[in-house]
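This report refers to the structure that appears directly beneath it.
FYI, it's all coordinate maths here, none of it is from the lab. Just so we're clear, the structure is a prediction, and the values are computed from it rather than from any experiment. With ideal geometry, Cβ positions are generated from the backbone for all residues, glycine too; neighbour counts draw on all protein chains shown.
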Amino acid sequence: MPQWPSLQLPAAAAAAARRATPFALCRSSSSSVSASASNQDLVACSWQKEDEAEAQSLVVVGGGAAGVYASIRAKSLAPHLNVLVFDKGRFLSKVKISGGGRCNVTNGHHLEPLGMARNYPRGHKELRGSFFKNHGPQDTMRWFSDHGVELKAGKAVTGASVTENGKFVVKVEKRTVDFVDHVNAKYVLVATGSSQQGYSIAAQFGHSIIAPVPSLFTFKITDKRLADLSGVTFPIVKAKLKLDGIKRSAPELTQIGPMLVTHWGLSGPVVLRLSAWGARELHQYNYQAKLTVDFIPDIHIEDVKRILFLHKDHHAKHKINNSFPMEFALVKRFWKFLLEQESLDGDMHWASIPNNNLNTVALRLKQWMFEVVAKGQFKDEFVTAGGVPLSEERYTFVPELATLWISKRKIDLSMTVVQVLNVDGVTGGFNFQNAWTGGYIAGTSIGTLASSNMRQQQPYLQLDGS
């Protein structure tokens, strides 16, 4: 895999950037910056010639995972390309806080493309092809082990237009001060994630937009019985989501994994995966649903009953609080709660428990029903479902960057969108890997095209032998 340049933004160089734009990337001629032939450093610098810069420039809208990754990739393939990345907030902010603050950037358990693709509720069919073969989790991990990226900025792209000669004009504003700038560019890459900003720009240039809805959220459940279980984690449960208006039984709406009880309801990987696969349906029905939880999925219900009755026979003289079936060890903290729901005193002896109560306990262990009344109380979800349809792939992540059609005429400019597509994955690093791979492919497309255009513009050199 080719070496990628590292990105540095020294304070002095950043101050020299053109009209305080976040950064313009180009090769540095400064002797104070060391560089090798295989891995030349990139530094912020002022534009030398306005016309030349506009002729070979890329504006990236969005300083998240895909935008930053794509910009570095494009620059590495086309060193002459002036690259500007705009973001209204902090660069790579979601990367920093992902994985509970551990910067979870990809998933290392699904290294094969097919395995990766199965974890994207929107996009799992389309991503089975060459997408992750171009740049997969192993490539991402290898890149991060070799490089570091440091960025500083705080500006937002608020509009874009096209001139008569086929160039982009990108409007840049800084909300905190009276600042407006316009940047001309040959290429524009939109990588704003779930921001309405990116959807607006994509729609302005001919894309249709599937309305975004939240994905990867927790379930709010107003069940007072859960209050005493707040903070309890179940290592493995089987949870099935059912919506009243949907008769079909989708296999993706049944998930197995860890579940956490919170003070507002239920969370954990199994709940987050269900929220992703059912994102659109949950939104359609105002997040009203039924959730059936099997707390011991590895044991059939008839075996659960048999274990309870055998335990009753073998421990008839023991108190139920002091004698617990070891087959249910994973739900031991749940046991006292179950007994309370059946109004069974912990000081009772097993022999005095009616068989009907044991049958009910077995059913609760295998088929506990919860009423989902809303999504979790966090306002901003990490992921949304929606964006540019994947059917418009001529504009999106195909390796060959397509030219854009406007007003039924073909003009000499190129625009690509990534991270505003209708693709989202489940929890576990899949969404970041989509960003890295999409950014890599988009950056490769733009960098290759820019490099090709540069070679075509170079004058021929004639040598006179006389």
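State the extension gain, in nm to one decimal, for the chain segment bounded by His318 and Thr158, taking 0.36 nm per residue of separation less the distance between their alpha-carbons. Intermediate values should be presented prior to the final figure.
Working: separation 160, 0.36 × 160 = 57.60 nm, distance 7.14 nm.
Between His318 and Thr158, full extension yields 50.5 nm more.
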Amide H partners (placed H, <5 Å) of Val423, local residues excluded: Gly386
Rough spin-label spacing in nm, given labels placed 7 Å along Cα→Cβ, for His349 and Ile236: 3.7
Leading residue at positive end of dipole, segment 224-286 (Cβ point charges), from Phe234, Met259, Gly278: Gly278
Charge tally in the Cβ shell below 12 Å around Asn359, where Lys, Arg are +1 and Asp, Glu are -1, Asn359 excluded: +3
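Throw me the Rg/Rh for segment 219-297, computed over C-alpha atoms with Kirkwood Rh, two decimals. Before the final figure, lay out each step's value.
Working: Rg = 12.1 Å, Rh = 12.8 Å.
When Rh is taken as the Kirkwood radius, the ratio is 0.95.
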When the convex hull of its Cα atoms is projected in every direction, mean area for segment 250-290 (nm²): 3.0
Label-point separation in nm, Lys174 to Thr360, each point 7 Å along Cα→Cβ: 6.7
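Can you tell me the equivalent ellipsoid semi-axes for segment 301-370? Use √(5λ) from the Cα gyration tensor, largest first, whole Å. Show your work: numbers first, answer last.
Values: eigenvalues 57, 35, 28 Å².
After scaling each eigenvalue by five and taking roots: 17, 13, 12 Å.
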Förster radius 56 Å - calculated FRET efficiency between Arg306 and Glu112, Cβ distance, rounded to 0.05: 0.90
Over 21 Å between alpha carbons, listed pairs Lys96/Lys186; Lys290/Lys366; Lys312/Lys336; Lys238/Lys290; Lys242/Lys375: Lys96/Lys186
